[in-house]
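The structure appears below as structure tokens.
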Amino acid sequence: MSGTEVTVRVPAKVNVQLAVGAARPDGFHDLANVFLAVGLYDEITVSPADELRITCAGPDAHQVPLDATNLAARAAVALARRHGIEPRVHIHIDKDIPVAGGMAGGSADGAGALLACDALWSLGSSEAELLAICAELGSDVPFSLLGGAALGVGRGERLTPLEVGGTFHWVFAVADGGLSTPAVYAEFDRLNATSQVPPPAADPALLTALRTGDATALSSTLTNDLQPAALSLRPSLATTLATGTSAGALASLVSGSGPTTAFLTKDEDSANTVSEALLTSGNCRTARVTSSPAPGARVVS
Ligand code: C5P
């Protein structure tokens, strides 16, 4: 495949459980992070170039950094370095995942660029090798490669795949502007400064609900320990959450570090109703209807 163009499709994620422990000496937090990939995708296309270059298209493209800090660029550099080659590649990101929204959009681009460059340069890396590079790039990047559903421990990068026994229907309300993940974790630390934060653990009832594909059972187990911090930094999200609940969502929660909010519904019709209510309320910039699980990063052409 060397010398041609390669396109990889990568999904967004929602955290159906995000249990956050106390801050570690390295500044990260130990997590019990139950990831579920959802059917919103970025597409990463790589082609040979004289030097590393990134372009991005899509409604939020202007918010995406096009320099060496972009996780897609960092992925190409990390892979090239490991193989002693130069990252002479043009990476184009077709962006559909909300930017800085708590849906792992940046991580998706990192995982996508890694897989795409591996194919473009005919390196034939194993999944284990790619996952190891993903873990160096960021806590959520390994899951973007894997997709489906998984429990992430440590920083969230040590993954155990989980069984999902059905389709779950979701609406995502995209907020105006992003939230910085470090800022949300810092607010979590501030809010919990005087309390004893318990060690994070996966909820067995939630894992059963995923395995049996039971949306009602899943709705009663959804938790996000970062939600109070996200609401503290962005109080208007409480109104968005309430709007989705009143419109019939089984449950509403902040997606990851936010500010995107997630609404689990009993079926696709209900998802459309919730989406319309959110759009007419004016409490979000846009609303997206989708379902899960979704496959991980895949070469599509
Ligand atoms: O790993 P990643 O680069 O995505 O993390 C971004 C930031 O989120 C970290 O710098 C840290 O502030 C916070 N974080 C954390 N604990 C985790 C994951 C992320 O505190 N497990």
Would you mind stating whether LEU278 is in contact (Cβ under 8 Å) with a residue 12 or more places away in the chain and assigned to a strand (DSSP E or B)?
-> no
| message | Would you confirm whether or not region 222-234 contains a residue that is assigned by TED's automatic domain parsing to the domain that holds VAL99, closer than 29 Å to PRO59 by Cβ and either outside any helix (DSSP H, G or I) or at pLDDT 95 or above (or both)? | response | no
Notebook entry, point to check: SER257: buried (at least 19 other Cβ atoms within 10 Å of the Cβ) and either under 19 Å from the mean Cα position of the chain (by Cα) or not β-branched (Val, Ile, Thr) (or both), yes or no?
Noted result: yes
Exactly one of LEU36, LEU18, LEU40 is within 16 Å of the ligand (Cβ to nearest atom), under 22 Å from SER257 (Cα atoms) and of a type outside the set (Val, Ile, Thr), and that residue is LEU18
| message | Among the residues in region 32-55, are any within 23 Å of TYR185 (Cα to Cα), among the acidic types (Asp, Glu) and assigned to a strand (DSSP E or B)? | response | no
If we ask which residues in region 1-17 are touching a helix residue (DSSP H, G or I) at 6+ places or on another chain (Cβ under 8 Å) and either assigned to a strand (DSSP E or B) or farther than 30 Å from GLY124 by Cα (or both), their number turns out to be 10
Counted residues in region 100-133 being within 27 Å of SER180 (Cα to Cα) and either at pLDDT below 95 or not in a helix (DSSP H, G or I) (or both) come to 5
Of ALA78, ALA116, the only residue that is within 14 Å of the ligand (Cβ to nearest atom) and touching a residue at least 12 places away in the same chain (Cβ under 8 Å) is ALA78
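Do we find a residue being within 25 Å of VAL300 (Cβ to Cβ), in contact (Cβ under 8 Å) with a residue 40 or more places away in the chain, in contact with a Cys (Cβ under 6 Å, 6 or more places away or on another chain) and buried (at least 17 other Cβ atoms within 10 Å of the Cβ) anywhere in region 26-43?
No, every residue in region 26-43 fails to be within 25 Å of VAL300 (Cβ to Cβ), in contact (Cβ under 8 Å) with a residue 40 or more places away in the chain, in contact with a Cys (Cβ under 6 Å, 6 or more places away or on another chain) and buried (at least 17 other Cβ atoms within 10 Å of the Cβ).
Matching residues to (1) at positive phi; (2) within 21 Å of the chain's Cα centre (by Cα); (3) of a type in the set (Val, Ile, Thr):
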| site | (1), (2), (3) |
| --- | --- |
| GLY148 | yes, yes, no |
| GLY152 | no, yes, no |
| LEU159 | no, yes, no |
| THR208 | no, no, yes |
The condition from (1) under 19 Å from the mean Cα position of the chain (by Cα); (2) closer than 24 Å to CYS284 by Cβ; (3) not hydroxyl-bearing (Ser, Thr, Tyr) that ALA215 misses is numbered (1)
Scanning region 250-281 for residues that are of a type in the set (A, V, I, L, M, F, W, C) and closer than 25 Å to GLU187 by Cβ gives ALA251, LEU253, VAL254, ALA262, PHE263, LEU264, LEU278
Quick count over region 1-51, residues being at pLDDT below 95 and of a type in the set (Val, Ile, Thr), is 1
Quick one: is GLY58 within 16 Å of the ligand (Cβ to nearest atom), surrounded by fewer than 24 Cβ atoms within 10 Å (Cβ to Cβ) and over 12 Å from ALA113 (Cα atoms)? no
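The values are calculated or read from the model by the stated rules, or taken from the named source; none is laboratory data. No experiment lies behind these values; they were computed from the predicted model shown. Positions of Cβ are generated from backbone atoms using ideal geometry, with glycine treated the same way; all protein chains shown enter the neighbour counts.
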